[in-house]
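The values are calculated or read from the model by the stated rules, or taken from the named source; none is laboratory data. Everything quoted here is computed from the prediction, not taken from an experiment. Glycine also receives a Cβ, built like all others from the backbone with ideal geometry; neighbour counts cover every protein chain displayed. Only protein heavy atoms, including side chains, enter the accessible area calculation; ligands, DNA and RNA are left aside. Shrake-Rupley method; radii C 1.70, N 1.55, O 1.52, S 1.80 Å.
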Amino acid sequence: MRKPYIAGNWKMNLTPSEGAKLAKELVSELKGVDVKVMIAPSFVCLPAVIAAVKGSNIIVAAQNVSDKESGAYTGEVSCQMLKDIGVNDVIIGHSERRTYYGETDEWINKKVLFALSQGMNIDLCIGETLKQRQSGELEQVLSRQIKVGLEGVAASDMSRITFAYEPVWAIGTGMTATADDADNAHAYIRKLIGSLYGKDVAENAIIQYGGSVKPSNAKELLARENIDGALIGGASLTAEKFVPIVKCALE
Ligand code: 13P
């Protein structure tokens, strides 16, 4: 039985004080709710948000991390820095990092391997563009992102990787993949994980859906067999929208 996992990617939104306020609201409104919950604020918000969720089960993750240990890499943040402030989880390979900052599957793979070597848990994002979907390349794209992204990852580390299927055309556009589209893509991802790591790893893999998830569509998506959770952008920025989505995962 896979435990539902709902995550909020705050992207480049909320100041540290706004983030701390939202985190406190989430702590109080999600008390006793048995769903794995993660929030990923910007780097500068992390200390304030960590302080705000102290004593709760809410996981605080980073949105990105360097593939290097330390050194002359201006503007980068290392695993060691994150771990030092109590962050053990990180989103890697978000489509916005791929599209706007040139992250390739090979680079993402380096980040994955290094973060795993540092004991971190990873939320690995994958997903196709509209053009790729329309030209029938969905499976080819997902296969490449997964195979290259996971190159060299041992089966024993797979329990530390969550997958987030985020079709690029559904992110921030209001266009959600239908529950059937999403479930089919998730089933394909699970099959692929099975071919690489075997049935047990595939059965236990948590695959989140991301792309315009909101309180009104979360229930239908989360009810699908292969959809184990969600990675939410816009609707994670207020407790009013995020909390009902988390609660959908209980049903
Ligand atoms: P939206 O929920 O705003 O579409 O963003 C999804 C996403 O990119 C989460 O990482």
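Where the second residue is among the acidic types (D, E) and more than 7 Å from the ligand (Cβ to nearest atom) and the first is more than 17 Å from Q63 (Cβ to Cβ) and lies in region 161-175, which pairs have Cβ atoms under 7 Å and are six or more apart or on separate chains?
P167/E128
Kindly provide the set of residues from region 172-225 that are away from the ligand (no atom under 16 Å from the Cβ), in a helix (DSSP H, G or I) and of a type in the set (D, E), ordered by number.
D180, D183, D200, E203, listed by residue number.
Would you please list the contacts, defined by Cβ atoms under 7 Å and residues six or more apart or on different chains, that run from a residue in region 228-241 that is of a type outside the set (D, E, K, R) and open to solvent by 10 Å² or more (accessible area, probe 1.4 Å) to a residue that is more than 8 Å from the ligand (Cβ to nearest atom) and outside any helix (DSSP H, G or I)?
L237/W10; L237/N13; L237/L14
Can you go through S42, S66 and tell me which one is within 16 Å of the ligand (Cβ to nearest atom), surrounded by 15 or more Cβ atoms within 10 Å (Cβ to Cβ) and in contact (Cβ under 8 Å) with a residue 12 or more places away in the chain?
The conditions single out S42.
Filter region 226-248 down to the residues that are more than 11 Å from the ligand (Cβ to nearest atom), of a type outside the set (A, V, I, L, M, F, W, C) and not in a helix (DSSP H, G or I) and list them by number.
N226, D228, G229, T238
For region 91-112, give me each residue that is within 15 Å of the chain's Cα centre (by Cα) and in a helix (DSSP H, G or I).
Within region 91-112, S95, E96, R97, R98, I108, K111, V112 meet the criteria.
Give the residues of region 1-15 that are surrounded by fewer than 17 Cβ atoms within 10 Å (Cβ to Cβ) and either more than 14 Å from the ligand (Cβ to nearest atom) or at pLDDT below 95 (or both), sorted by residue number.
M1, R2, K3, T15, listed by residue number.
Look through region 139-179, keep the residues that are surrounded by fewer than 17 Cβ atoms within 10 Å (Cβ to Cβ) and at pLDDT below 95, and return whichever of them is farthest from G211 (Cα to Cα).
Filtering region 139-179 for residues that are surrounded by fewer than 17 Cβ atoms within 10 Å (Cβ to Cβ) and at pLDDT below 95, the one farthest from G211 (Cα to Cα) comes out as T178.
Out of region 1-30, which residues are hydrophobic (A, V, I, L, M, F, W, C) and touching a residue at least 40 places away in the same chain (Cβ under 8 Å)?
Of everything in region 1-30, those that are hydrophobic (A, V, I, L, M, F, W, C) and touching a residue at least 40 places away in the same chain (Cβ under 8 Å) turn out to be I6, A7, W10, L14, L22, L26, L30.
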